[in-house]
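Asker: My questions all concern the structure below.
The values are calculated or read from the model by the stated rules, or taken from the named source; none is laboratory data. Bear in mind that the values here come from a model prediction, so they are computed numbers and not experimental data. Reconstructed Cβ throughout: ideal geometry from the backbone, glycine too, with neighbour counts over all protein chains shown.
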Amino acid sequence: MGNYFGVDYYPEHWPADRWKTDAALMQEMGIDVVRMGEFSWHKMEPVPGEYHFEWLDDVISLLAEYGMKTVLGTPTAAPPAWLIEKEPEILPVDQYGIRRNFGGRHHDCHSNEIYRAYIKKLVTAMAEHFKDNPDVIGWQIDNELGNSHEDLCMCDSCARHYQEWLQRRYQNIDCLNHAWGNSFWSQEYDRFSQICPPKITVTGRNPSAMLDWRRFCSDLIVDFLEFQAEIIRKICPHQFITHNFMGFSDKVNYFDLAEKLDFVSHDQYPSQSFGDGVCKDLPRALATSSAGLELMRGVKRKNFWIMEQQAGAPGWECMGSAAEPGRLSMWTLHSIAHGADTVVYFRWRVSPFGTEQYWHGILPHSGIPGRTYRELKDTIHKYKPLMKEIQGTGQNAEVGIIYSYDQEYAFKIQPQNPDLNYNHQLIRYYEGFQKRNIPVDFIGTNEKFEDYRLLIAPLQYLMNTELEEKYRAYVKNGGALVLTMRTGVKTESNLCMTDKPLPGSLSDILGIVVEEYDCIREGCLSMKWGELCLTGEKWCDVIRMEGARKLAEADSGFYRGNAVVTRNRYGKGLAYYVGTEPGDMLMERLVQELSESNSIKGLLETPAGVEAVRRCGEDKDYVFVLNHNREACSIEIPHDWKCYAGEKNGDLEGYETRIYTVNK
């Protein structure tokens, strides 16, 4: 039996005599797998060292009777009150030096050794208890690591670990002082023990120190997960280990975190991208939702699970709108199209209490199945055979977009233009290709660039020699590379480059020099590409041509007539430079140039709000055509595409998905 569809279940919220009813309804719906336990520390360990897993045994056994397997979550996202009372120092300290209180979730310090000792005992006890249970197939460690840790934790324990991390990185204090530029404002340190986490200061904080702090916090979260994973792997070698990621959340480097897992899981809440009611910018919302899924596929270079798929209106204090009929089904297929091999819905039944009592699920508060249950039941029964067929199939993209957490951190620290956002700019490039239904991968800088015909590398702000040479070799050997504004501005220590004009050592492959630049705080940059009148946003580089060809130029400002978009032949390849953030029409023209010049074709021509996504099998491809509009639309399908499982041709109804197979 495969694990294709599941639910997140919280049996501790409901009387035991309800569990059988839930199991029967899950079975009727077609559920294969259930995740539970990730917030149940007190239920598992009501007093120190006294473990109670019998209630979990009962639920797991009951679900197994109805044909379902279980994924257990380690409950370390919610340390209980008795632990806080006994060991208050595990509570996190914020940037103001204030220790946060019990309540909510993730009220913990990941570096605290006392806290880790309690976790080790609990996770070891769980693993020993469930290691031979054939109905427990895997583990989710903690829950959404980093979700609640914006500026946490800055306690004494974290300070010590940070100092040790810095000493390993820099070896001696003089190297650190140089890397951070500490001669500014007399910030030199004499020893590592003087360095504190970046708590709030009188005015300003050192950007280099802030960047290293973000790196340290990411490494600490990775270590916290690995600490638990090692316990489980040793005791339960035949059960998988995963963790639920959150798309473009940046508290932890997901490339690093993914290395510690068998596969990545993801929490997908499309309404957070599309908003409520009528979406004002459907293409942008669609790109945001889709790009998050593509990043999840990219961080481990393999398919993933959805561990929380939206099954109702979200909400804590305020609620979102109810999903219109057909939308939850379409969102399910949207996740599958972009690489999900399993979809687990959050949540089975909306909680009657606590912070998430208005975060809706498959069943309402009453527990009586309604429209959501019926719609998702139909979806599961209709598409479970498809899920079996497409397990492990991929995208085979020719276009890669470079994603870097260091770049994201650096722009968070110093955005330069207050409206400039690293993630948003990457999503805009993704959107440009998505509108043409051109498959795209998100990749890290450690991946093989040569696997892609075209590589998009926006905002390569932090630069080092190794990455420069990798880009140079890629273009020299025939690749097409797009670099943008703010390339090569800083070293990897977040210090401004001083040895060459921008874009530094990559000027030769680009055939340009950036002589100066303008931060556009109001309005747009008027531009021309041939006869087309276009716009850029937020920034304009003033470019001197040194061999490149001008594609688009500024048509406003003191730099009117200067190149803004260029193309240069270098070796066997092409290097493009985009000296602004493209507006919609400029992005459309740019993607046209990039795709046509590099012989890259889209899967299908579709209207706005309709996407075509491919999963590639050995002997045939599966193309999902998803209409994210509430209105029907007409699409011309190639003659050799066959409707999957006898689905009809013709107009695509609002929120409808149609799947086609294409023989190779």
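Asker: Which condition breaks for GLY523 when tested against (1) outside any loop (DSSP other than H, G, I, E, B); (2) over 14 Å from TYR577 (Cα atoms)?
Answerer: Single failed check for GLY523: (1).
Asker: One residue is enough: does segment 643-652 have a residue meeting the conditions surrounded by fewer than 17 Cβ atoms within 10 Å (Cβ to Cβ) and in contact with a Gly (Cβ under 6 Å, 6 or more places away or on another chain)? Explain how you work it out, then say what you get.
Answerer: At the first step, the residues of segment 643-652 found to be surrounded by fewer than 17 Cβ atoms within 10 Å (Cβ to Cβ) are 643, 645-651.
Now drop any that are not in contact with a Gly (Cβ under 6 Å, 6 or more places away or on another chain), which leaves none.
So far as segment 643-652 goes, no, none of its residues is surrounded by fewer than 17 Cβ atoms within 10 Å (Cβ to Cβ) and in contact with a Gly (Cβ under 6 Å, 6 or more places away or on another chain).
Asker: SER148 versus (1) among the polar types (S, T, N, Q); (2) modelled with pLDDT of 95 or more; (3) touching a His at 6+ places or on another chain (Cβ under 7 Å): which is the lone unmet condition?
Answerer: So SER148 meets the others, but not (2).
Asker: Out of MET210, MET154, I need the residue that is part of a loop (DSSP other than H, G, I, E, B), modelled with pLDDT of 95 or more and surrounded by 16 or more Cβ atoms within 10 Å (Cβ to Cβ). Which one? Write out each step before concluding.
Answerer: Details: MET210 fails: part of a loop (DSSP other than H, G, I, E, B).
Only one candidate passes the filter, namely MET154.
Asker: Look at SER366 and say whether it is of a type in the set (Gly, Ala, Ser), within 17 Å of GLY320 (Cβ to Cβ), over 25 Å from the mean Cα position of the chain (by Cα) and surrounded by fewer than 24 Cβ atoms within 10 Å (Cβ to Cβ).
Answerer: Numbers: of a type in the set (Gly, Ala, Ser): yes; within 17 Å of GLY320 (Cβ to Cβ): no; over 25 Å from the mean Cα position of the chain (by Cα): yes; surrounded by fewer than 24 Cβ atoms within 10 Å (Cβ to Cβ): yes.
Against the criterion (of a type in the set (Gly, Ala, Ser), within 17 Å of GLY320 (Cβ to Cβ), over 25 Å from the mean Cα position of the chain (by Cα) and surrounded by fewer than 24 Cβ atoms within 10 Å (Cβ to Cβ)), SER366 does not qualify.
Asker: TYR452: modelled with pLDDT of 95 or more, of a type in the set (Ser, Thr, Tyr), under 20 Å from the mean Cα position of the chain (by Cα) and buried (at least 18 other Cβ atoms within 10 Å of the Cβ), yes or no? Quick ask: steps written out before the conclusion?
Answerer: On the way: modelled with pLDDT of 95 or more: yes; of a type in the set (Ser, Thr, Tyr): yes; under 20 Å from the mean Cα position of the chain (by Cα): no; buried (at least 18 other Cβ atoms within 10 Å of the Cβ): yes.
In short, no.
Asker: Just wondering, is there one or more residues in segment 395-408 that are out of contact with any strand residue (DSSP E or B) (no Cβ under 9 Å at 6 or more places or on another chain), free of Cβ contacts under 8 Å to residues at least 24 places away in the same chain and within 30 Å of ASP212 (Cα to Cα)?
Answerer: There is no residue in segment 395-408 that is out of contact with any strand residue (DSSP E or B) (no Cβ under 9 Å at 6 or more places or on another chain), free of Cβ contacts under 8 Å to residues at least 24 places away in the same chain and within 30 Å of ASP212 (Cα to Cα).
Asker: Please go through segment 22-54 and pick out each residue that is surrounded by 16 or more Cβ atoms within 10 Å (Cβ to Cβ), of a type in the set (A, V, I, L, M, F, W, C) and farther than 23 Å from HIS243 by Cα.
Answerer: ALA23, LEU25, MET26, MET29, listed by residue number.
Asker: Search segment 47-67 for residues that are at positive phi and pair each with any residue that is surrounded by fewer than 13 Cβ atoms within 10 Å (Cβ to Cβ) when their beta-carbon atoms are under 8 Å apart and the residues are at least 6 apart or on different chains.
Answerer: Matching pairs, first to second residue: GLY67/MET1.
Asker: Hey, which of the strands (runs of 3 or more DSSP E) in segment 1-114, taking only ones fully inside, have at least 2 residues that are more than 30 Å from TRP213 (Cβ to Cβ) and of a type in the set (A, V, I, L, M)?
Answerer: Details: elements: 5-8, 33-36, 69-73.
In segment 1-114, the matching strands (runs of 3 or more DSSP E) lie at 33-36, 69-73.
Asker: Which residues, taken from segment 614-648, are without any contact (Cβ under 8 Å) to a residue 12 or more places away in the chain and not in a loop (DSSP other than H, G, I, E, B)?
Answerer: Scanning segment 614-648 gives a single hit, GLY646.
Asker: Given the options TRP316, TRP348, name the one that is at negative phi, of a type in the set (Phe, Trp, Tyr) and crowded, with 17+ Cβ neighbours inside 10 Å.
Answerer: Criteria check complete, one pass: TRP348.
Asker: OK, next. Would you please name the residue that is nearest to LYS251 (Cα to Cα), looking only at residues in segment 213-230 that are more than 20 Å from the chain's Cα centre (by Cα) and surrounded by 20 or more Cβ atoms within 10 Å (Cβ to Cβ)? Explain how you work it out, then say what you get.
Answerer: Within segment 213-230, the subset more than 20 Å from the chain's Cα centre (by Cα) is 213, 227-230.
The next check asks that each one be surrounded by 20 or more Cβ atoms within 10 Å (Cβ to Cβ); those that pass are 213, 228-229.
Details: TRP213: 11, GLN228: 19, ALA229: 19 Å.
Among those residues, the one meeting the criterion is TRP213.
Asker: Just name the residue that is farthest from SER148 (Cα to Cα) out of those in segment 197-207 that are touching a residue at least 40 places away in the same chain (Cβ under 8 Å) and surrounded by fewer than 21 Cβ atoms within 10 Å (Cβ to Cβ). Before you say what the answer is, go through the steps one by one.
Answerer: Pass one, segment 197-207, residues touching a residue at least 40 places away in the same chain (Cβ under 8 Å): 197-200, 207.
Subset that is surrounded by fewer than 21 Cβ atoms within 10 Å (Cβ to Cβ): 198-200, 207.
Working: PRO198: 18, LYS199: 17, ILE200: 19, PRO207: 23 Å.
Top of the filtered list is PRO207.
Asker: Could you check, for segment 503-513, whether at least one of its residues is out of contact with any helix residue (DSSP H, G or I) (no Cβ under 9 Å at 6 or more places or on another chain), surrounded by fewer than 21 Cβ atoms within 10 Å (Cβ to Cβ) and in a loop (DSSP other than H, G, I, E, B)?
Answerer: Yes, that holds for at least one residue.
Asker: Sticking with this structure for a sec: Of the residues LYS435, LYS384, LYS388, which single one is touching a residue at least 12 places away in the same chain (Cβ under 8 Å), of a type in the set (D, E, K, R) and buried (at least 18 other Cβ atoms within 10 Å of the Cβ)? Spell out the reasoning first.
Answerer: Numbers: LYS384 fails: buried (at least 18 other Cβ atoms within 10 Å of the Cβ); LYS388 fails: buried (at least 18 other Cβ atoms within 10 Å of the Cβ).
Going through LYS435, LYS384, LYS388 in turn, just one is touching a residue at least 12 places away in the same chain (Cβ under 8 Å), of a type in the set (D, E, K, R) and buried (at least 18 other Cβ atoms within 10 Å of the Cβ): LYS435.
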